[in-house]
Amino acid sequence: MLKNKTIVLGITGGIAAYKAVDLASKLTQAGARVEVVMTEAATNFVTPLTLRNITHRQVVTDMFESNSEWSEEHIALAEAAAAVIIAPATANTIARLATGIADNMLGTVVLATKSPVIIAPAMNDVMYANTVTQKNIAKLKSRGFTFIEPEHGRLASGKMGKGRLPDTATIIKAIEKALGQKQDLTGKRIVVTAGGTREPIDPVRHIGNRSSGKMGYALAEAARDRGAKVTLVSANVTLEEPSGIEIIKVKTAAEMKRSVSGAVKKADALIMAAAVADYQPEAMAKAKIKKGKQDMTLKLVKTPDILGEVKGKFLRVGFAAESENIISNAKKKLTEKKLDLIVANDITKSDSGFDADTNRVVIIDKKGKAEKLPLLSKREAAERILDMVKGLIN
Ligand code: PMT
């Protein structure tokens, strides 16, 4: 898989930089064309000469170097890369990448590449655990970057902690995985809904639900990574906005219906992971409702059924969050809403459903065939749902 592939190996200034020599060597032995880009700090830990001898290629340390074939057109290196791996990545480099700083060659390549970027952080355990570093990592993950978790063990300080660069084999496996990313949804247009709608009672109160948007965002990101053009209709979500996806923000079920109706016009599939309110107050009070002496009755009317009412020739995929009779309740919704697929979501356990990072789902098709998936991350569940969607679109 690595044969004849251009792999940009970014090395930054941490003690684990010496391990990047072994990585460069193994990648070269596997037939990859390894283009090493070192930050200035990295050259204090390992010399460009060592890496040049290992890779048989010029090593880039400076954007304005005259002896590098990439110096004239540094964007070309970003374009040539099948993947960019940064190992080790310091907290400083991660922070710079998270803000899009491109004042050295590595930052420029990462900003300019459309290929997968894999980051292997290695640093002091306290620096790694610091909220700032974790926020930067989360930001980069939401932009589609892959992170290889550092390992627990003896650190440069002599202390034990989480911050060690994983071994070369683990890093190579992650590169191979990124290179093998399926592009099987290229040319397809997919509309995904995420989050929970809020139906206003008055200017300060609403009827809402606990949806975080994680399932819908995972679907949108997975579809994007597989080559689809994705529109994400997002209701009341606080997640970081993913790049490369058109995002339409809505609040209510009525707004979601309007946005979905527009977005599905050229779509191949609509996947509704959003938890849409079934009822809304008959009317929103213009001023804040004051507390009175009597109990209060709120008249609720039905919201539009988006999946059932939006017109068009696209694949319809619904979700059903269920706490009992999961399969039969989901099948009922599949039939009533004339869906192609329904994803029955078990919400009886804390590691599944609303706001969890993992999910337990059963994918059911029109013929009633059900595929029960094990406990998976929402991203893995999204990939499995898209496998089914892909089969049906074609
Ligand atoms: O956002 P997370 O925290 O990650 O949680 C994910 C989730 C639990 C919200 C998600 O996996 C999920 O199950 N979403 C569907 C919630 C639900 O129970 O929907 P429903 O049974 O009310 O509706 C069935 C389907 O019709 C859904 O696809 C829904 O989007 C759609 N619907 C519902 C009402 C309505 N007025 N219009 C609709 O189109």
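The values are calculated or read from the model by the stated rules, or taken from the named source; none is laboratory data. Because the structure is a prediction, the values reported are computed rather than measured. For neighbour counting, all protein chains shown are included, and Cβ atoms are generated from backbone atoms with ideal geometry for every residue, glycine included. The area values use the complete protein model at the heavy-atom level, side chains included, leaving out ligands, DNA and RNA. Shrake-Rupley method; radii C 1.70, N 1.55, O 1.52, S 1.80 Å.
With open to solvent by less than 70 Å² (accessible area, probe 1.4 Å), under 30 Å from Asp387 (Cα atoms) and not basic (Lys, Arg) as the only criterion, which of Gly153, Gly144, Gly161 stands out?
Values: Gly153 fails: under 30 Å from Asp387 (Cα atoms); Gly161 fails: under 30 Å from Asp387 (Cα atoms).
From the options Gly153, Gly144, Gly161, the qualifying one is Gly144.
Taking the options Lys369, Lys390, name whichever one is open to solvent by less than 70 Å² (accessible area, probe 1.4 Å) and either in contact (Cβ under 8 Å) with a residue 60 or more places away in the chain or out of contact with any strand residue (DSSP E or B) (no Cβ under 6 Å at 6 or more places or on another chain) (or both).
Values: Lys369 fails: open to solvent by less than 70 Å² (accessible area, probe 1.4 Å).
Checking each option against the conditions leaves just Lys390.
So, of the residues in region 372-387 that are part of a loop (DSSP other than H, G, I, E, B) and within 15 Å of the ligand (Cβ to nearest atom), which turns out to be most open to solvent (accessible area, probe 1.4 Å)?
Among residues in region 372-387 that are part of a loop (DSSP other than H, G, I, E, B) and within 15 Å of the ligand (Cβ to nearest atom), the one most open to solvent (accessible area, probe 1.4 Å) is Leu375.
Going by the conditions given, is Val109 farther than 23 Å from Ile247 by Cβ, open to solvent by less than 80 Å² (accessible area, probe 1.4 Å) and touching a Leu at 6+ places or on another chain (Cβ under 6 Å)? Walk me through how you get there before you give the answer.
Numbers: farther than 23 Å from Ile247 by Cβ: yes; open to solvent by less than 80 Å² (accessible area, probe 1.4 Å): yes; touching a Leu at 6+ places or on another chain (Cβ under 6 Å): yes.
When the stated conditions are applied, Val109 passes them.
Return the total of residues in region 182-209 being closer than 20 Å to Leu307 by Cβ and either free of Cβ contacts under 8 Å to residues at least 24 places away in the same chain or within 16 Å of the ligand (Cβ to nearest atom) (or both).
Result for region 182-209: 13.
Under 8 Å by Cβ, and 6 or more places apart or on different chains, what pairs join a residue from region 13-33 that is in a strand (DSSP E or B) with one that is of a type outside the set (D, E, K, R)?
Partner pairs satisfying both residue conditions: Arg33/Asn4; Arg33/Thr6; Arg33/Ile7.
Can you tell me how many residues in region 267-291 are surrounded by 15 or more Cβ atoms within 10 Å (Cβ to Cβ) and within 16 Å of the ligand (Cβ to nearest atom)?
Of the residues in that region, 12 qualify.
Determine whether region 185-203 contains at least one residue that is out of contact with any helix residue (DSSP H, G or I) (no Cβ under 9 Å at 6 or more places or on another chain), open to solvent by less than 40 Å² (accessible area, probe 1.4 Å) and not small (Gly, Ala, Ser).
Yes.
Look through region 218-256, keep the residues that are open to solvent by less than 20 Å² (accessible area, probe 1.4 Å) and touching a residue at least 60 places away in the same chain (Cβ under 8 Å), and return whichever of them is farthest from the ligand (Cβ to nearest atom).
Looking at residues that are open to solvent by less than 20 Å² (accessible area, probe 1.4 Å) and touching a residue at least 60 places away in the same chain (Cβ under 8 Å), I get Arg226.
Quick one: count up the residues across region 264-289 that are among the hydroxyl-bearing types (Ser, Thr, Tyr) and in contact with a helix residue (DSSP H, G or I) (Cβ under 7 Å, 6 or more places away or on another chain). Step through it out loud before you land on a result.
In the first step, residues of region 264-289 are kept if they are among the hydroxyl-bearing types (Ser, Thr, Tyr); the result is 279.
Filter once more, keeping what is in contact with a helix residue (DSSP H, G or I) (Cβ under 7 Å, 6 or more places away or on another chain): none.
Here the count works out to 0.
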